[in-house]
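Heads up, the thing below is written out as structure tokens.
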Amino acid sequence: MGVDVAIRIRFNVNGRERTATTDPERSLLEVLREDLGLLGTKYGCGEGQCGACSVLLEGKRVFSCRLPAERVEGKSVVTIEGLAQGDALHPVQQAFLDEGAFQCGFCTAGMIIAAVALLAEKPKPTDAQIVAGMNRNICRCCSYPKIIQAVRRADDRKGG
Ligand code: FES
Ligand code: FES
């Protein structure tokens, strides 16, 4: 049986080099929230089922609740806090705001991260592709129609 030993990981978060000393098996979500104070990324299920903990790892959406911290060594992570440019919201953030695509807001950071990843992979998605791309994120308030509308709006904005 192994004994956990704390390791020091170095990775880039929202454009800044960060370090954390942690049990390597601890989740990235815990490191982000508890060690780095980035509270925008939420803990929902802890089982990779709800998407609330979504972040971008090397530009791809991952569920940070299920990702051992050691796996981000030397990599680049973007959280919801890293999307805006100064006072200017990211187009997906702005679209969610404009569409009122949230109620309690608990799922919203994960939804926005998922949408950013989706639109980077599939510019001009069809409605079916938006639904498929967002279907690993759960909204308990059932704001789905407005969320889909916001993703469409963000894509339109990017396009022109
Ligand atoms: S908290 Fe990570 S998928 Fe639900
Ligand atoms: S807005 Fe409440 S969970 Fe989605």
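The values are calculated or read from the model by the stated rules, or taken from the named source; none is laboratory data. The shown structure was predicted, so the numbers you read here are calculated from the model rather than taken from an experiment. FYI the Cβ positions are ideal-geometry reconstructions off the backbone, even for glycines, and counts take in every protein chain you see. To get the accessible areas, we keep the full protein, side chains included, count just its heavy atoms, and leave off ligands, DNA and RNA. Shrake-Rupley method; radii C 1.70, N 1.55, O 1.52, S 1.80 Å.
Assorted remarks:
- Once backbone amide H atoms are built at 1.01 Å from N, Arg18 has Phe11, Asn12, Val13 as its partners under 5 Å, excluding neighbours fewer than 5 places away on the same chain.
- For the pair segment 54-69 / segment 80-138, the C-alpha centres are spaced 16 Å from each other.
- All-pairs Cα distance distribution in the chain, expressed in whole percent, bin size 5 Å: 2, 10, 19, 22, 19, 13, 9, 4, 2, 1, 0, 0
- Accessible area of the chain divided out per residue, in Å², using a probe of 1.4 angstrom: 53
- Surface/4 of the Cα convex hull for segment 7-82, nm²: 4.1
- Only lysines eight or more places from Lys42 in sequence, or on another chain, were considered; those with a Cα closer than 18 Å are Lys60.
- Highest to lowest packing among 62-70, 44-52, 80-88, scored as the average C-beta count within 10 Å: 62-70, 44-52, 80-88
- When the alpha carbon coordinates of segment 67-160 are projected onto the principal axes, the ranges are 37, 31, 25 Å, largest first.
- Computed [θ] at 222 nm, helices only, for the chain once each DSSP H run of length n ≥ 4 contributes -39500 (n - 2.57): -9000 deg cm²/dmol
- Summarising the amide proton neighbourhood of Ile7: residues at separation of 5 or more, or on other chains, whose placed amide H is nearer than 5 Å comprise Thr22, Asp23.
- Taking only alpha carbon atoms, segment 60-121 gives an Rg to Rh ratio of 1.00, where Rh is the Kirkwood radius.
- For segment 71-160, applying the loop criterion from DSSP together with a ceiling of 15 other beta carbons within 10 Å to the trypsin sites (Lys or Arg not before Pro) yields Lys75, Arg136, Arg140.
- Shown for segment 91-159: the carbon plus sulfur share of the solvent-accessible area, taken with all protein chains present and a 1.4 angstrom probe, equals 56%.
- Simple spin-label estimate for Ser76 and Leu97 in nanometres, 7 Å along Cα-Cβ: 2.5
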